[in-house]
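The values are calculated or read from the model by the stated rules, or taken from the named source; none is laboratory data. Predicted, not measured: the structure shown is a model, and the values here were computed from it. Reconstructed Cβ throughout: ideal geometry from the backbone, glycine too, with neighbour counts over all protein chains shown.
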Amino acid sequence: MVQPDLGPVYLAYAGPYALSPSSAFGHLFLVLPRDDQEPLPLWDVVTFNAETYGANPLRFVTVGIAGGFLGRYQRTDFHEKTREYELFDDRDLWLVRLTLSRDERIALEEALNATRGRWYPYTFFDQNCAYYLQSILAEATGSIPEPSGIISPTSVVEAILRSPLAGQSFIRPAASQRLETLARSAHDHVVARLKADDWQAVAADTIWLASLSTPGRESDGGACGAAARSYRA
């Protein structure tokens, strides 16, 4: 049977998130566009998550270390995952494009399909999201070793960067960093108004916002909230 063409693959790493024990060392996932022309928000994401049933942080750590949770591979859209990480959690994302051959790409898809509906033992330090992502990449490509011992998201990224799989790398800054960049590009008259008026009133002044130049509107109007916080801090 002829295999369909499959899109590229990215390994993505979301930086640490202090408010969640499960993300204390960051989180790892795969990004699978159908092809290079597919809109970025619709890219497919494969992640491995433990089912904790809302366990509080202390219970998560203690039960997670003891191996009391199960986890599974799950799929979602890129826009949902980036909304969670970049906007809600305010975390940076790093992506490494994997240089897979056609056979490796097909093998990866087959390995992922074989995980559907299956649950796996989860432990905090050695059978975590990083372990399961490294395991499936090792199975599909043979270019990185099978995971063993304590595994972290950064150790998997380092293994990929040392391997033949490492392609071009990209970073998507957290929402706060993008807003601060916009704030620094705001024009003087916008800054003056933001200093004088409440930012919510400014944001509601659609006539004034419409009067801003384009593309200046993006740097001026889009920076209203960020600039207000920046210049009043």
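In this structure, does Thr181 turn out to be at pLDDT below 95, part of a helix (DSSP H, G or I) and either over 24 Å from Glu84 (Cα atoms) or under 17 Å from the mean Cα position of the chain (by Cα) (or both)?
No.
Does at least one position in the range 56-72 carry a residue that is charged (D, E, K, R), touching a strand residue (DSSP E or B) at 6+ places or on another chain (Cβ under 9 Å), crowded, with 17+ Cβ neighbours inside 10 Å and at pLDDT below 85?
Scanning the range 56-72, I find no residue that is charged (D, E, K, R), touching a strand residue (DSSP E or B) at 6+ places or on another chain (Cβ under 9 Å), crowded, with 17+ Cβ neighbours inside 10 Å and at pLDDT below 85, so the answer is no.
Residue-by-condition table, conditions (1) without any contact (Cβ under 8 Å) to a residue 40 or more places away in the chain; (2) surrounded by fewer than 18 Cβ atoms within 10 Å (Cβ to Cβ):
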position	(1), (2)
Lys81	no, no
Asp90	no, yes
Val96	no, no
Phe124	no, no
Tyr132	no, no
Ile160	no, no
Ser163	yes, yes
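Out of all the residues in the range 143-158, which are assigned to a loop (DSSP other than H, G, I, E, B) and surrounded by 12 or more Cβ atoms within 10 Å (Cβ to Cβ)?
Result: Ser143, Ile144, Pro147, Ile150, Ile151, Ser152.
Within the range 119-133, is even one residue touching a helix residue (DSSP H, G or I) at 6+ places or on another chain (Cβ under 6 Å) and modelled with pLDDT under 90?
Yes, the range 119-133 contains at least one residue that is touching a helix residue (DSSP H, G or I) at 6+ places or on another chain (Cβ under 6 Å) and modelled with pLDDT under 90.
So Asp77 ticks every box in (1) crowded, with 17+ Cβ neighbours inside 10 Å; (2) under 16 Å from the mean Cα position of the chain (by Cα) but one. Which box is left unticked?
All conditions pass for Asp77, except number (1).
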